[in-house]
Structures are given as C-alpha cells and as structure tokens.
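We did not get these values from a lab; they are worked out from the coordinates using the rules stated. Just so we're clear, the structure is a prediction, and the values are computed from it rather than from any experiment. Please note: Cβ atoms are built from the backbone with ideal geometry, for glycine as well, and neighbour counts cover all protein chains shown.
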Amino acid sequence: MVRETSLVPSDLIQGMFVTDGENRREPIPSLPGMARLSVDLLVEECKRIRELGIPAIALFPMTPQERKTPDGSEAWNQDNLVCRACRALKRTVPDLGIVGDVALDPYTSHGQDGVLIDGQIVNDLTLESLKLQAVAQAAAGCDVIAPSDMMDGRIGIIRAALDAEGLSQTMILSYAAKYASGFYGPFRDAIGSSSALGKADKKTYQMDPANIVEALRETALDIAEGADMVMVKPALPYLDIIQTVKTSFGLPTIAYHVSGEYAMVKAAAERGWIDGDAAMLESITAIKRAGADAIITYAASDIARWLRG
Ligand code: PBG
C-alpha cells in the first residue's frame, strides 16, 4: 500500500546476442543464463519475451571473426547479422520493439568503437561510418537507434541521415552519459571483442566515472542534436547520474544495467554468498527508484516472470 516504486515488465528491455548459423545456442560463460542465439532461435525466444509483457529488446551481434576488419565495414552491410535478425523479428513479432546499437566495436578487428588511426580514435571520420550503420539498421526494421559509441556530434548527423532516407519515424536513444567502466567485461566476451581490445581502454571517448557535470553537458548536447531518449550507463554505480539527468531534462531516461552488474550477482549467487534473485530484483528496483523510465538488463525476462508470480 505504501510502496513508492512499482516495477512492471513494461519497464524492462531485454539485452540479447545474436550469432551466425542455424539452431545455435552458445552459452556465454561470463554471463550465466545468457547465450548467443542464431536468428531462428532468437525469433522463438523473442515471442516468449513479448508474451511476458516486455516491450523491447536491445540487440548485439557476435560478428564472425573473418568479417571483422580495421574499418568495421560489416557494420553497414545490409545483410549483416543484426539486419537479418531485425527483418526476421519484424516478420514474426512485429510489436516487439528493437533497439539497435550503433558503434563499430562488434565489427572492428581492434575492438574499438571508432576508426583507429595511428593508435587514436578519429572522431569525425567515425561519424561517416556510424551514419551508414544507423541507416542500414533502421531500414532493416530497428525501431530505436541507440548510438553507444560516444563520438561527439553523432546524434545530429544520424538524425539528419535517417530523415534524408525517409526514416523520420525511427527514434534515437543516445547513450548520453556512458562511462569508461570496468563493468563491460562480460559484454566484450559476448561479442568477441575482449581479446582484440587487450589492455587498451576507451577513455578518450567514454566518460570519467568521477564526473557529474560532464554527464549533464553530454546529455544537453545530445538532446540539442535531436535525441528522443537518453541513457545512463552503467546503472547501479551511477544512480546519482540517473536521478540528475531525469530531473534536469525530463526526457525519457533509460538506464543500462550492464553485463558486469548482472554477472556479479550471478557469480556471488553461484557461490551461495547472496540470494541472487532477491539481489537482482533489488538492483533493478533501485534503478527505477532513482528515476529510470526503462532499464536495459540481461535479467529482464527472469524479472518479468518473477513479477508475474
Ligand atoms: C560498445 C558497447 C558496450 C556495451 C554496449 N555497447 C561496451 C563497451 O563500451 O565496451 C556494454 C554493455 C554491457 O556491458 O552490458 N559499443
């Protein structure tokens, strides 16, 4: 009766990984309970997800190694894994929203999100590639384009490119405040970029975990360039950022409960150190309490099942 925050399945976005082949389910050891699915199995799983009342998925590819290149050109191949998955999903589960990630890291042989020249990520050159990637994904059926690359100026360029291609209905969810975080490890395993990246980091384009004002500046820029929704990522270590972004701008604010946040709970639960289900539900409730309108999480379908009793 006096509870202030109610979590419902429609608050959740399921994070998912797609892989090549048919009838393939490759478990991801560092993300217990998660697997990369071939398009046919992904479609089946997505029917169940929609039936649970989850409105959307966020989709990431495990690009076959031989298709990864220094420039990441597979990102804008209209027959790449993500585009094929989108077309299949829109045929079979048309009312499940698809959030398509825009960044080059699943496609580059070096694992960075942008174009790498002489050891540096080149911002403006990268924008040209992101534009092509966004248009390819939107044309294939992505409802929401979510640039996670953190290059400056990408929201405006992508908005203009989508509009020019007649894709003005496609929304943009900008990863506005994305931190250079230690919590992305299992995700990089899932898309196969960990070994390519090695000891390199993404600190020249992702944010310093110590900064709040910079998050507000980044968010304001993305909104001015045309973002429909903004994201804070990771989530639990950044509840203050979620709250500040939501109250400062009032835009739909999405939080990404990232792979490391999910994996920590699973790993501790496997050791019997914590009650994993309770800790997961508590985590996601706390993220909503801080002000998130929706939460991307790998636990979405589990949580939707628990909420339905
Ligand atoms: C990169 C991207 C990352 C995630 C989503 N998009 C990782 C990174 O920046 O290296 C991480 C998500 C997660 O950890 O669950 N474009």
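Of all residues in region 8-29, how many are surrounded by fewer than 18 Cβ atoms within 10 Å (Cβ to Cβ), of a type outside the set (D, E) and farther than 26 Å from D293 by Cα?
Residues in region 8-29 being surrounded by fewer than 18 Cβ atoms within 10 Å (Cβ to Cβ), of a type outside the set (D, E) and farther than 26 Å from D293 by Cα: 6 in total.
Using the structure shown, decide if Y238 is part of a loop (DSSP other than H, G, I, E, B) and within 16 Å of the ligand (Cβ to nearest atom).
No: the conditions fail for Y238.
Which one is farthest from H110 (Cα to Cα), of the residues in region 202-221 that are within 15 Å of the ligand (Cβ to nearest atom) and surrounded by 13 or more Cβ atoms within 10 Å (Cβ to Cβ)?
E218
Tell me which residues, restricted to region 151-197, are in contact (Cβ under 8 Å) with a residue 60 or more places away in the chain, in a loop (DSSP other than H, G, I, E, B) and within 16 Å of the ligand (Cβ to nearest atom).
Those that are in contact (Cβ under 8 Å) with a residue 60 or more places away in the chain, in a loop (DSSP other than H, G, I, E, B) and within 16 Å of the ligand (Cβ to nearest atom): D152, S181, G182, F183, Y184, I191, G192, S193.
Which one of these does A58 not meet: (1) in contact with a strand residue (DSSP E or B) (Cβ under 6 Å, 6 or more places away or on another chain); (2) more than 29 Å from G153 (Cα to Cα)?
Only one criterion is unmet by A58, namely (2).
Any idea which residue in region 249-262 is farthest from A215 (Cα to Cα), counting only those that are near the ligand (Cβ under 9 Å from one of its atoms) and not in a loop (DSSP other than H, G, I, E, B)?
Y262
Checking the condition touching a strand residue (DSSP E or B) at 6+ places or on another chain (Cβ under 7 Å), small (G, A, S) and touching a residue at least 40 places away in the same chain (Cβ under 8 Å), which residue from G33, G15 passes?
Just a single option satisfies the conditions, and that option is G15.
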